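Below you'll find the structure, written out as structure tokens, and then a few comments.
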Amino acid sequence: MKKKNTIPKRRINPMIYLANQQQRDNMFMRAAHKANMLLGMMVLHDKFGFESDELNRYVSEYTKQLDAYNEGYVESVKDFEQVLWDECGIKIDF
């Protein structure tokens, strides 16, 4: 009887698994962020006539708000929602 050449099954190191999962999640987040930025800029340009200087200012201010959120200066997305509701009467609900 021939012996089967089998590779012993190994458990995946949980740290490697988590790192790979985090990498994948980051890739999806970057893709979603880029798509959101591009879509917003296209609307501002095509429908509201924003030119490059205005679009660059938009990107700069967007980045500042994102940094404030990421650095903990803004507690949650709910804070952004509340400001838009209080100051503009706009509710984002989807």
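The values are calculated or read from the model by the stated rules, or taken from the named source; none is laboratory data. Bear in mind the structure is a predicted one, so any value in this text is a computation, not a measurement. Here Cβ is always computed from backbone atoms with ideal geometry, including for glycine, and neighbour counts include all displayed protein chains.
Quick notes on this structure:
- Total residues in region 36-51, condition assigned to a helix (DSSP H, G or I) and within 18 Å of Q65 (Cβ to Cβ): 8
- A single entry from Y73, Y62 fulfils the requirement of being among the hydroxyl-bearing types (S, T, Y) and part of a helix (DSSP H, G or I): Y62.
- Considering residues of region 9-31 that are in a loop (DSSP other than H, G, I, E, B) and not aliphatic (A, V, I, L, M) only, the residue modelled with the highest pLDDT: N13
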